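The values are calculated or read from the model by the stated rules, or taken from the named source; none is laboratory data. Predicted model only: the values in this text are computed from it and were never measured. Reconstructed Cβ throughout: ideal geometry from the backbone, glycine too, with neighbour counts over all protein chains shown. These area figures cover heavy atoms from the full protein model, side chains too; ligands, DNA and RNA do not enter into them. Shrake-Rupley method; radii C 1.70, N 1.55, O 1.52, S 1.80 Å.
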Amino acid sequence: MSNKRHVPGIHPYNGPAGGWGALKATAIAVKNQMDTLVAPKALLNTNQPDGFDCPGCAWPDKDHHSTFQFCENGAKAVTWEATSRRVTADFLSKTPVSTLLTRSDYELEGYGRLTQPLRYHAATDTLQPLSWEEAFGIIGQTLQRLPPKAVEFYTSGRTSNEAAYLYQLMVREYGCNNFPDCSNMCHEATSVGLPQSIGIGKGTVSLDDFDKTELIISIGHNPGTNHPRMMGTLHEAARRNVPIIVLNPMKERALERFADPQNPIEMATYQSTDIASSYYQVKAGGDAAALKGIAKAVLEADEKSQDVLDHQFIEDHTLGFAEFADDLRATSWEAIEQASGLPRESLTRVAEHYANSQATIITYGMGITQHQHGTENVQLIASLLLMRGNFGKAGAGICPLRGHSNVQGNRTVGISEKPAERFLQALDQHFGINSPREHGHDAGAAMEAIIRGESKALICLGGNFAVALPDPERCFPALKELELSVHIATKLNRSHLLIAKETLILPCLGRTEIDQQSTGKQSITVEDSMSMVHASAGKLKPASPSLRSEIAIVAGIAQATLPNSPIDYLHYVEDYGRIRDAIEATLPGFNDYNERIQHPGGFRMPLPPTQRQWPTPSGRAHFLVYQGLNEDDALTAQGALRLITLRSHDQYNTTLYGLDDRYRGVFGRRDVLFMNPDDMRAQGLEHGDVVDIVTALPDSDSTMKNITVIEYAIARGSVGAYYPEANILIPLSYRDQQSGTPAYKSVPVKLLSKVQEPA
Ligand SMILES: Nc1nc2c(c(=O)[nH]1)N[C@H]1C(S)=C(S)[C@@H](COP(=O)(O)OP(=O)(O)OC[C@H]3O[C@@H](n4cnc5c(=O)[nH]c(N)nc54)[C@H](O)[C@@H]3O)O[C@H]1N2
Ligand SMILES: Nc1nc2c(c(=O)[nH]1)N[C@H]1C(S)=C(S)[C@@H](COP(=O)(O)OP(=O)(O)OC[C@H]3O[C@@H](n4cnc5c(=O)[nH]c(N)nc54)[C@H](O)[C@@H]3O)O[C@H]1N2
Ligand SMILES: [Mo]
């Protein structure tokens with residue numbers, strides 16, 4: 001890497017993650033976005049017992065009443081919502097939609113908070129204010145005219161339990177189960193895969209388990225950026241000498257070393273703590289092979305000594321072990337090494353650590369789920385844990401890192417295109433409605449139905465549906481053909497600007513803001529990654545007096561759409577405790593809901609596997625066989641690279657807080673491709689060369705132009721680029737076969753060099 005050419009905006013970052021750099025970045029975020037008088041109030045109320053839940057991530061808080069836990073990216077999420085900038089009617093009247101569409105995603109949200117309900121006017125090509133009643137009237141009339149199955153109801157996972165529940169109730173009374181959801185692009189592989197393995201589609205560990213664990217295996221997630229409060233937990237474990245084994249194609253600084261801003265000595269002495277005890281750079285898409293390799297080594301060790309597997313647990317609690325073991329024996333080390341990119345010795349070393357640990361936690365994120373075989377990846381993690389009885393004992397279990405701060409809660413309270421019959425019966429009985437039984441659309445199926453012209457309207461409760469999904473070249477034009485497009489949102493984004501025949505934008509309160517209804521100030525509830533349900537109450541003055549809560553907006557739409565409903569939706573808006581009572585009456589696990597959220601930290605949803613109870617049809621946990629090792633071996637053999645599309649440090653999904661990715665050494669730009677130096681040499685490329693990236697799939701040749709390749713510590717054969725820009729390279733049909741999760745993390749691509757070869 002010597003004599004490397006200078007590339008603007010690319011400088012290696014040599015410090016640890018966290019530390020003073022994180023404090024400085026927080027100060028800048030606050031200064032850029034917020035009134036300095038409001039900022040302390042906002043930040044000091046984050047994750048406090050009577051404050052609001054951080055909208056940044058779904059990692060739990062210890063007891064939820066600790067002192068203020070510093071977190072750079074949590075602070076960015078809070079200041080971004082509590083910004084003092086506003087989108088005004090005056091600005092919109094002077095800025096046609098065609099002009100707004102030329103702005104970047106960063107600029108669009110950067111205009112600040114939406115302040116009034118808006119409707120698109122074709123004559124002037126502008127968004128103009130209208131009253132809430134007019135907006136609800138238009139939506140109600142259109143929905144009454146359309147067949148319910150032709151309407152898609154999207155949810156993004158920031159929505160509260162209460163808003164999500166009222167929304168699903170309205171949609172089911174209206175007559176469909178079309179619930180595309182951000183979770184379909186995220187942890188659907190977990191929601192579909194884990195119930196088959198252990199009977200429930202959620203993680204099984206608590207923070208206490210991290211205090212007691214003897215080994216953490218961290219696969220395919222980047223907590224320094226995306227789950228920053230998890231860094232405190234990993235830091236503590238590392239300082240107790242708990243081995244932390246990382247499997248990730250990219251070197252991520254926070255997984256290498258971290259200075260905890262909560263630790264005064266580390267801060268004062270500029271020291272940091274090594275996080276990973278071993279770091280294995282698995283190939284993108286090579287996790288199934290790596291996991292099978294570890295499991296095979298465990299099996300081989302047990303065949304010698306008979307004491308590595310938990311034979312009693314396997315016998316008492318599981319089915320399918322013999323078939324699983326046969327498949328491992330039939331899989332050659334050579335194939336495993338080839339598909340994972342990791343040598344047998346490394347995988348055997350992981351197996352040795354695993355065999356020596358009496359309590360192991362495996363954590364994972366999008367690097368596992370967003371693949372064509374994401375569901376099988378998740379199931380292999382569960383099977384590996386089952387081999388040594390790592391469920392239902394202290395310090396052990398599976399830990400999927402959820403995305404949005406309430407995505408798990410949304411699913412619990414009924415956002416599902418394939419609802420359980422039990423739940424529909426409870427709804428019908430409690431509310432006197434007839435819920436439809438026919439399954440509806442998930443996110444991918446919803447977009448396909450829109451593209452085919454079968455779905456005619458889209459209602460979005462938050463999010464940036466079109467930009468988050470793959471394949472904008474097909475999705476964007478299709479959305480413009482809709483009869484109605486409605487967005488309940490805090491900030492302007494590109495999905496709002498894909499103008500349909502009728503387009504409405506409805507501005508809502510964020511989680512940081514006071515929600516005043518006729519019976520008083522309201523709180524909402526959320527469920528974190530560890531199934532803890534707790535209350536959240538905003539503390540700041542709303543960004544505009546015209547904002548309504550998501551719950552009030554859903555109720556307004558319901559009332560206008562279902563005038564003869566037996567349900568008095570507005571009654572629920574007066575007091576959100578009434579929605580919680582209805583949740584309690586129709587869903588298991590919410591007994592004494594209103595009472596139990598009074599306790600700091602709230603309560604935990606039932607997790608039978610933590611008691612070694614398996615709610616599968618057989619009543620046992622299942623070892624599941626996946627005979628494959630990798631996706632598209634044939635394409636990789638033809639020289640395609642695998643593209644990972646990922647988040648920068650200054651990003652929240654499609655929201656960009658800034659243009660830096662500090663820990664990966666990228667500043668002020670996003671048009672880069674992370675590449676292994678050996679792969680660059682093999683392709684005749686140099687650090688700083690410009691290429692076009694082309695999708696190497698049989699039915700797609702999308703191109704992303706003018707991307708600068710930069711040397712990075714990434715596995716050979718894998719390259720990385722930022723989401724959402726790189727979504728252009730991913731066909732909508734390129735999804736996990738079982739769960740429908742888009743395979744955002746292993747897209748076969750080729751590079752077309754733009755440098756002239758010397759003659
Ligand atoms: N600040 C911030 N916080 C967030 C978000 C955000 O955008 N910004 N998003 C939220 C949401 S919705 C989600 S889902 C989570 C996402 O959190 P993560 O799961 O951390 O998501 P990504 O940034 O996509 O990163 C995935 C990691 O997986 C690795 N990886 C990629 N491909 C593979 C592979 O094939 N195998 C393995 N083993 N690893 C791989 C990448 O190198 C990267 O380190 O974070 C949530 N929190
Ligand atoms: N290539 C690629 N694509 C991906 C991914 C990837 O890793 N790679 N990750 C996928 C994942 S994991 C996810 S979860 C999806 C994310 O998909 P989404 O959840 O749809 O997207 P976000 O970017 O989180 O949505 C941002 C918008 O939400 C609105 N918003 C913010 N706060 C609130 C609120 O409190 N209430 C309401 N009503 N609206 C609010 C704002 O208007 C903002 O513009 O993207 C997916 N797409
Ligand atoms: Mo996500």
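Go through the range 2-44 and name the trypsin sites (Lys or Arg not before Pro) that are in a DSSP coil and have 11 or fewer other Cβ atoms within 10 Å of their Cβ.
Hits after loop and neighbour filter: Arg5.
What is the range 649-714 by shape, rounded, prolate or oblate, if you read a ≥ b ≥ c off the alpha carbon gyration tensor as root eigenvalues and call it rounded for a/c under 1.5, prolate for a/b larger than b/c, and oblate otherwise? Mind showing how you got there, number by number?
Numbers: a/c = 2.23, a/b = 1.26, b/c = 1.77.
Since a/c reaches 1.5 but b/c is at least a/b, the shape of the range 649-714 is classed as oblate.
Given only helices, namely DSSP H runs of n ≥ 4 each adding -39500 (n - 2.57), what is the per-residue ellipticity at 222 nm of the chain, to the nearest 500 deg cm²/dmol?
-10000 deg cm²/dmol
If you roll a 1.4 angstrom probe over the protein chains with everything in place, what fraction of the accessible area of the chain belongs to carbon and sulfur, to the nearest %?
50
Ranked highest first by average number of other Cβ atoms within 10 Å, how do 567-574, 717-724, 433-440, 656-663 line up? If you can, show how the numbers build up before the last one.
Values: 567-574: 18.1, 717-724: 23.1, 433-440: 16.1, 656-663: 21.2.
Taking the mean over residues of other Cβ atoms within 10 Å, the ranking is 717-724, 656-663, 567-574, 433-440.
With only Lys, Arg, Asp and Glu charged, each at its Cβ (+1 for the first two, -1 for the last two), find how big the charge dipole of the range 639-756 is about the Cα centre; round to the nearest 20 debye.
Taking the Cα centre of the range 639-756 as origin, the dipole is about 160 debye.
Using Cα positions and a limit of under 18 Å, work out the lysines in reach of Lys292, with same-chain residues fewer than 8 apart set aside.
Lys292 reaches Lys283.
At a Förster distance of 56 Å, what's the computed FRET efficiency of Arg329 paired with Gln425, Cβ-Cβ distance as r, to 0.05?
0.75
Kindly write out, for the range 18-25 in residue order, the coupling ³J(HN,Hα) from the Karplus curve 6.51 cos²θ - 1.76 cosθ + 1.60 (θ = phi - 60°), rounded to whole Hz, with x marking Gly and Pro.
x, x, 5, x, 5, 5, 5, 4
Tell me, what are the semi-axes, in whole angstrom and largest first, of the equivalent ellipsoid of the range 188-401 as set by the roots of 5 times the Cα gyration tensor eigenvalues?
They are 28, 18, 17 Å, listed from largest to smallest.
So in the range 168-287, what percent of DSSP beta bridges are antiparallel if you round to the nearest 5?
About 20 percent, rounded to the nearest 5.
In the chain, what % of DSSP beta bridges are antiparallel (nearest 5)?
If I count the DSSP bridges inside the chain, around 45 percent turn out antiparallel.
Can you classify the range 275-324 as rounded, prolate or oblate using the Cα gyration tensor, where a ≥ b ≥ c are the square roots of its eigenvalues, rounded means a/c under 1.5, and otherwise it's prolate if a/b beats b/c and oblate if not?
Prolate shape, in that a/c is at least 1.5 and a/b is the bigger ratio.
Efficiency by 1/(1 + (r/R0)^6): what FRET value for Leu44 and Gln517, r their Cβ-Cβ distance, R0 = 22 Å, to the nearest 0.05?
It comes out at approximately 0.30.
So which of Lys296/Lys745; Lys149/Lys541; Lys41/Lys501; Lys480/Lys541; Lys24/Lys705; Lys24/Lys202 end up more than 32 Å apart by C-alpha?
Those over the limit are Lys149/Lys541; Lys41/Lys501; Lys480/Lys541; Lys24/Lys705; Lys24/Lys202.
Go through Ser183, Ser131 and list them by solvent-accessible area, largest first, probe radius 1.4 Å. Don't jump to the answer; show the numbers that get you there.
Details: Ser183 0, Ser131 50 Å².
Largest to smallest exposure gives the sequence Ser131, Ser183.
For the range 639-756, treating each Cα as an identical point scatterer without solvent, what Debye log10 I(q)/I(0) comes out at q = 0.11, 0.17, 0.18 1/Å?
Ignoring solvent entirely, the Cα scatterers give -0.34, -0.83, -0.93.
Whole number in Å², please: accessible area per residue of the chain, 1.4 Å probe, ligands, DNA and RNA not counted.
Result: 36 Å² per residue.
Using only the Cα atoms, what convex hull volume per residue in Å³ does the chain have?
Convex hull volume per residue, Cα atoms: 156 Å³.
Let's see if you can work this out: charge +1 on each Lys and Arg Cβ, -1 on each Asp and Glu Cβ, no other charges. What is the dipole magnitude of the chain about its Cα centre, in debye to the nearest 20? Write down the numbers at each step before the final one.
Details: 70 positive and 87 negative charges, 301 e Å.
Using Cβ point charges on Lys, Arg, Asp and Glu, the chain gives about 1440 debye.
Among Pro16, Ala89, Val78, pick out the residue whose Cα is farthest towards the positive end of the charge dipole of the range 1-144, where Lys and Arg carry +1 and Asp and Glu carry -1 on C-beta, about the Cα centre.
Pro16
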